[in-house]
1. For the residue pair A:Glu49 and B:Thr544, what label-to-label distance in nm results when each label sits 7 Å from Cα along the Cα-to-beta-carbon direction?
2. Going from the alpha-carbon gyration tensor of region B:55-244, what semi-axes, largest first and in whole Å, does one get by taking the root of 5 times each eigenvalue?
3. Could you pull out every residue, at least 5 positions away or on a different chain, whose amide H is within less than 5 Å of the one on B:Glu675? Hs are placed 1.01 Å off N in the peptide plane, and Pro or chain starts have none.
4. Sorted by mean Cβ packing within 10 Å, highest first, what order do the peptides A:158-165, B:307-314 take?
5. Summing both sides, how much accessible area is buried between A and B? Use a 1.4 Å probe and give Å² to the nearest 100.
6. Using a Förster distance of 45 Å, how high is the FRET efficiency between B:Trp337 and B:Asp714, based on the Cβ-Cβ distance and rounded to 0.05?
7. Per residue of region B:404-412, what does 6.51 cos²θ - 1.76 cosθ + 1.60 with θ = phi - 60° give for ³J(HN,Hα)? Whole Hz please, x for Gly and Pro, Karplus curve as stated.
8. Any idea how far apart A:Ser260 and B:Asp150 come out in nm if each label point goes 7 Å out from Cα toward Cβ?
Amino acid sequence: MNDPQPPPFDPATLPGADAPQHSAPAPTQPQWAAQVIDGYKIYGSADSEVRALDGITVGFEPSRFTAIMGPSGSGKSTLMQCAAGLDRLSQGQVFIGEVDISTLNEKQLTLLRRERIGFVFQQFNLLPTLTAGENITFPLDLAGRKVDQGWMDQVVTTVGLADRLTHKPSELSGGQQQRVAVARALVERPQIIFADEPTGNLDSQSSADILHFLRDAVDSFGQTVVMVTHDPVAATYADRVLFLSDGRLVDELMAPTKDSVLARMGALAG
Amino acid sequence: MWNLTLRNLRANLARLVSTAVAVITGTAFVACGLVLTQAIASSVAGNVELQYSAVDAGVVSQGMTADGPGALEGVDAALLEPLEALPEVSGAAGELVASTKLLDSDGDALRSQMLGRSWITDSELNPFTVDEGRAPEAEGEIAVDRGTVDRFDISIGDDFDLATPAGPVEATVVGITSFGRSATVDGGGTVFLSPGYALEVLGAGSEQYTQILLRSDGPPGELVAAARDTLPTNVSVLDGEDFRTEATASTQEFVSFLRPVLLGFAFLALFVAGFVIYNTFTVVVTQRSRELALVRSIGGTPGQVRRSLLGEGLLLGLGASVIGLGIGMALSALLQWILQRFDVGLPGAGFALSGWTVLITVGSGTLITVVSVLIPAFKAGRTRPVEAMRESAVDHSGTSMLRLYAGGALLVIGVGALLFNRFVQAYPLLLAFGALTLFWGVVVGGPLLARLFGRAMRSLLSRNLTGRIAADNMVRNPKRTATTANALVIGLFLVTLVTVSGTALRDWAMDEVAKLSASDFLVVAVTPIPDDLVQAVENLDGVTAAAPVQTALVSDATGVTALLSGADIDLLVDTMGLEATSGSLDDVAAGAGAATTGFGQLSEQRPSGGPPGPSSSTTEVGPDPSEQPDPEVDGPTLDIGESGSTTSQADVGQVYLLENPAGEIVEVPVAAVLELQLDTIFLGTLVNQDLFTEIAGTQPVGQIYIRADQDRIDQVGTDLDNIVADYTGIEVVPGNFIGQILGSVIDFLIAAINGLLGLSVVIALVGIVNTMNLSIHERRRELGMVRALGMTVAQVRSMVRIEAFGIGVLGTLIGVGAGVFCGWVVIGSITEVSIPLAWGRVGIITAVGLLISVFASIWPARRSTRIDMLEAMAST
């Protein structure tokens, strides 16, 4: 597959780099795993205009676990979708590593998602006709890349699916299905994993398992994870929590606890 | 619940459109078939009614009312005058019809099927009217129908060369005619000539009318009686009704044959459409199960859910059927227009929409739609709310084991029966049983076959991820895949079967025919062959022998008619190598008796009451068989038709009792039985010229058998063609022409049947596209997800394309495979001799099937990537 050649990376040339906002990445910081700079996402037109993202600038550090929180309609899912190359900004730039994805065409964007980004969705994560094992290697197979069997075994063992690889998704529980999705995201060793409410449909025990695996991936393998959630408990697994409201970044919390998250959320709601 | 029904229809426009397309396509073809059949029937029957509406009595020759080459038999023109003199007759006209062609400046015919008619001067008997100019009154004047005039831009005063039975003539257009609301009754156009001129040119001097039409102001019964008294016994007088029935009889037969065939195809189209409709609704219900579950969970009873769906089916079926009816009518109008371009238009009545057409089309379309909804609707009603509210909206309904076993059993039984038929003993009933069982096995066992096929495809494509997923998707719902493919299976199965067995039948028949020797050329005519033409043929360079043959229809003591030929027997032996299997041809040449072909034209009726003679209306004229003068002679009769040939073999020593024009009985012993040859069936019963004259009087030459110098045979053929080119109704055919005619007739039938079957294949194409689009709609979340995970547009499309193509291939393979197999068994039943299968044609059919599969994959593939990724994933 033809990888888009990433342009040489120079943080100093980033438009947002010299205009840091209160939580914006400082120019002195190391390379971001992903960055949204001065991003707008505007729906409708003129008087009926809705700004899902309203000039947001945010960066996700590598090998860290970042959670994005905010009330419904705050733009948290839109931010994730734009950052992950699933949707395009109305205005602004998105970087995955050094690549400015706003300059990529549809095909290049697709290939970039395939090569560099892992996804865990809330539901409809798996292809029902493929086995768990085939689902895990699906993005690699799409790209025609060879599966690193050692790494595959390690990931599968970590998420506890070793004896389930030949099962079809319909033969797995909801928690197991979500673990397959996490394994799929991990096995391709992406630059960054985006998880959109990965525990939204799970019971508390399965949720804890999934969050544990994501945390583990960051700690043990140096994986970068960005997770959108509305669950304060889930957010406590992150290193850093970003709070969005009305399409803007309004707050940030390092080393969150359930109480501190709830407090910030309460403040936002109030 | 009506409210819900209406809203459902409105809310899902795309779904509505795809289901409607299925119903519309099906009903349109049904309507088209019905309208065309109706048009043909009414064009034939309606025209005759109109054309002869004023006729109270018709005078025809006896030959006209029997099967056989009656065209040679007319009614003597001299009979018209005494009829006109009768007080009961208010109007009389001799009608003469013969092939005539208007030639352009290059000498080529403007229209190939044109007819010349004598202009009937009695305005009440004449159904034609003069629009412009005047009726033809003198020699060299013609009137032409409006259709021909408009099409070839003809004006009054134009001069034309005409090819007629009497050879080429020149004529001037003096009038333009029409027939009721249409141009004429003849599909190929009509040329009118004045009565006297028609006798000269159309009759080629035979002084005979085709028939005489009479009209009376008094009671028709008296007219018929009076006419009968005046006329000799060799002509029949029919009252108006019988006359019209007689006139439509041959064409009615054709229509009554055509009607079920056309209807059969129309219903086949509906049947295939039924598959598509049913399938579409199954998909729709599955896809909607969650929506329905919501209705259930807030208190809708299963009955209400069912009624809502049924209402939807009823509305959709009714609406789409009405649209289908309209499109079908447009389609048939288009077809008629195209046919007219090729000069095979339906003259006269045109096409009308009958109540039956509306009822059958809309009724069956609605019924099939409702029934198609009924089954999924019951399933929908049974869905438990909890079950359906879960996320997956994909149909997981498996295929019942019972169905798999039943399908498998039917397949095994069908194949077994057919194999038994081929290798052990052929029974037509077993053959039909086997073919039907195999067919139903394919339909019922479709999911099984789909699953096997999917598995094979998966292993074939195992190295290609998108291909593998596509193969898996195909068998996700084997029932649906099978139903979709079945629409294609039905069409291709029938096309293949017809082609394979039809081609084999043709080859076999041509081969059989080629074994018989024959003359090198044969001049055949539906009109008398003029003497100068006979001489021209005899004197032609390269012709080594030419045998003119006079023909006549004669009747025996029982009034049954058959073909009698008179010729110089020695010349016939020279030209066609005539031989006798028993008796002596020398005796025939000497006039001691007749030679019979043993082909059923003449046969002996056994005293025990063998094959009855055909129930011809001429029996009223002949004397009763019991009044035969010589009871010792086993009442030999003339018998027409194959039934006679198989049951009663002609034998030397039999005596035929034939009636001469004077009404006397002539005893003709059978002196020889001819060996069966290609040409002998055209001879009927053969006598020498003297005996012929004694039995039938002086008759014109109807056939000429020709032997040519073998080195110059091509040149002779060309010269002969040139000689007869100026005469219509006379043709030169090469010696083995029966084989060729047979071949081309069968070829035409195969093409015609396949053309009609092609409709069902087109519907099947719509079906595949429909099913795929619905599958895509159903799996849109999944498609969104794989796009997010990095499947490129090209990969998604190729995945969908492979799946659609796979369904098409499945249908093609099963359809063509089953067709070839059944065809192979049918061939084995026709003959012991092994005939090679028409693999070339099978290849073409397969290619068409695959091409359709490719077409079926294009649209869904495009559609699959038009889905908005995020929207698809967000929708719940």
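1. 10.3 nm
2. Ellipsoid semi-axes (Å, largest first): 30, 18, 14.
3. Close amide H contacts, sequence-distant or interchain: B:Glu579, B:Ala580, B:Thr581.
4. On the way: A:158-165: 16.4, B:307-314: 21.8.
Output ranking for A:158-165, B:307-314: B:307-314, A:158-165.
5. On the way: alone 12160 and 37820 Å², together 47630 Å².
Result for this pair: about 2300 Å² buried.
6. Given R0 = 45 Å and the Cβ-Cβ separation, E is 0.65.
7. Karplus-based 3J(HN,Hα) across region B:404-412 equals 4, 5, 4, x, x, 4, 4, 4, 4 Hz.
8. 9.3 nm
The values are calculated or read from the model by the stated rules, or taken from the named source; none is laboratory data. Everything numeric here is computed off the predicted structure, so don't read it as measured data. Methodologically, a virtual Cβ is constructed for each residue, glycine included, from the backbone with ideal geometry; neighbour enumeration extends over all protein chains shown. Ligands, DNA and RNA are excluded from the accessible area calculation, which covers all protein heavy atoms including side chains. Shrake-Rupley method; radii C 1.70, N 1.55, O 1.52, S 1.80 Å.
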